[in-house]
1. May I ask you to say which residue of GLU28, GLU61 is in contact (Cβ under 8 Å) with a residue 12 or more places away in the chain and within 18 Å of SER133 (Cα to Cα)?
2. Has region 63-75 got at least one residue that is over 15 Å from VAL7 (Cβ atoms) and in a helix (DSSP H, G or I)?
3. Filter region 202-218 down to the residues that are outside any helix (DSSP H, G or I) and in contact with a helix residue (DSSP H, G or I) (Cβ under 7 Å, 6 or more places away or on another chain) and list them by number.
4. Would you be able to say whether some residue in region 36-54 is among the small types (Gly, Ala, Ser), surrounded by 15 or more Cβ atoms within 10 Å (Cβ to Cβ) and near the ligand (Cβ under 8 Å from one of its atoms)?
5. For region 87-191, please list each of the strands (runs of 3 or more DSSP E) lying entirely inside it that holds at least 2 residues being within 11 Å of the ligand (Cβ to nearest atom).
6. Report, ordered by the first and then the second residue, all pairs with beta carbons closer than 7 Å, sequence separation of six or more or different chains, a first member in region 172-200 that is in contact (Cβ under 8 Å) with a residue 40 or more places away in the chain, and a second member that is within 11 Å of the ligand (Cβ to nearest atom) and of a type in the set (Asp, Glu).
7. For residues that are crowded, with 17+ Cβ neighbours inside 10 Å and in contact with a strand residue (DSSP E or B) (Cβ under 7 Å, 6 or more places away or on another chain), tally how many sit in region 241-259.
8. How many of the residues in region 29-50 are touching a Lys or Arg at 6+ places or on another chain (Cβ under 6 Å) and acidic (Asp, Glu)?
Amino acid sequence: MKTPILVTGGTGTLGRLVVPRLLEKGSEIRVLTRTPKPAADGVSYVVGDLASGAGAEAAVEGVGTIVHLAGSQKGDDVKARHLMAAAAKAGAEHVVYISVVGADRTPVKSGVDRAMFGYVEAKRLAEEIVAGSGVPYSTLRATQFHELIFTTLQTMAKLPVVPAPAGVKAQPIAADEVAERLVELALGEPQGLVPDFGGPRIYTFADLARSYLKATGRRRPILPMPAPGGAARAFRNGANLTPQRAIGHQTWEEFLSARRSAG
Ligand SMILES: NC(=O)c1ccc[n+]([C@@H]2O[C@H](COP(=O)([O-])OP(=O)(O)OC[C@H]3O[C@@H](n4cnc5c(N)ncnc54)[C@H](OP(=O)(O)O)[C@@H]3O)[C@@H](O)[C@H]2O)c1
């Protein structure tokens, strides 16, 4: 009998692209979410909160593969700890984890680093928790999604000036392409840490802000903001980039024009 695949974060930007792909491949899907939802379109929902661990044991029961996408600005290490303890206890066969490019080479040492890059540190710790859990795993590090950069710029463009971290670049990628790769990993054998997945081009934040403003018909000055600390220095040196793995297809410009056509 086929066992269901558990998708944590199945309701998020990435998860909403992963779940239908897995369904298309004939998988039975269970989604862990903090908000109760009735089963629909071949997906069942289990209520749980990985920050506290509530519901984790019920979510992993009888599951073979877990695609762990649940994430937020803070505490992804804690979420991973709760999920992986339950997964190991239940004898899960494979966990696929999504991390970020640069998680392993962004030193987060000071309070200033932690305030700005605590997210990256939590992703690194979560990677270690997954790898040390005893559950066979595949971890993929991706660069930032077009969708995240777009919503970040949407928020920043509400200010009279758009702040852009000076000297920092990004290599945005379509979440859809990351979803496709994750499904391939979920349906294959555990591979440990797999090669990075990066977008096709690298841009300064100021460039991204400029093209966003142009595409959305706004006029705002862009203010380069110096960022202090060792983690910011690592980013300025390209820790969050993977130029050798610029294998995504959709460019930021194509994403912007698709958003514009979609209204
Ligand atoms: N966005 C990027 O640029 C990027 C780049 C590389 C890697 N990633 C990683 O990709 C993953 C998905 O990102 P995304 O952009 O799709 O995020 P998102 O749209 O913000 O969605 C977050 C998801 O996590 C779930 N979640 C959050 N806190 C939870 C908790 N305490 N317990 C259980 N579920 C929780 C939410 O589920 P409910 O609200 O339904 O509970 C939601 O489905 C994250 O792990 C992120 O670190 C993102």
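1. Working: GLU28 fails: within 18 Å of SER133 (Cα to Cα).
Unique residue meeting the criteria: GLU61.
2. Step one: of region 63-75, the residues over 15 Å from VAL7 (Cβ atoms) are 72-75.
The next check asks that each one be in a helix (DSSP H, G or I); those that pass are none.
Within region 63-75, none of the residues are over 15 Å from VAL7 (Cβ atoms) and in a helix (DSSP H, G or I).
3. Taking region 202-218 first, the residues outside any helix (DSSP H, G or I) are 202-204, 216-218.
Of everything in region 202-218, those that are outside any helix (DSSP H, G or I) and in contact with a helix residue (DSSP H, G or I) (Cβ under 7 Å, 6 or more places away or on another chain) turn out to be ILE202, TYR203.
4. If we filter region 36-54 for residues that are among the small types (Gly, Ala, Ser), which is where we start, we get 39-40, 42, 44, 48, 51-54.
Narrowing the set further to residues that are surrounded by 15 or more Cβ atoms within 10 Å (Cβ to Cβ) leaves 48, 51, 53.
Pick out the ones that are also near the ligand (Cβ under 8 Å from one of its atoms) and you get 48, 51.
The answer is yes; a qualifying residue exists.
5. Working: elements: 94-100, 137-142, 162-165.
Result: 94-100, 137-142.
6. What qualifies is ALA175/GLU147.
7. 6
8. Going through region 29-50 one residue at a time, the tally reaches 1.
None of the figures in this text is laboratory data; all of them are computed from the coordinates on show. As the structure is a computational prediction, the values presented were derived from the model and not from experiment. A quick note on method: Cβ atoms are made from the backbone with ideal geometry, for glycine too, and the neighbour counts reach across all protein chains shown.
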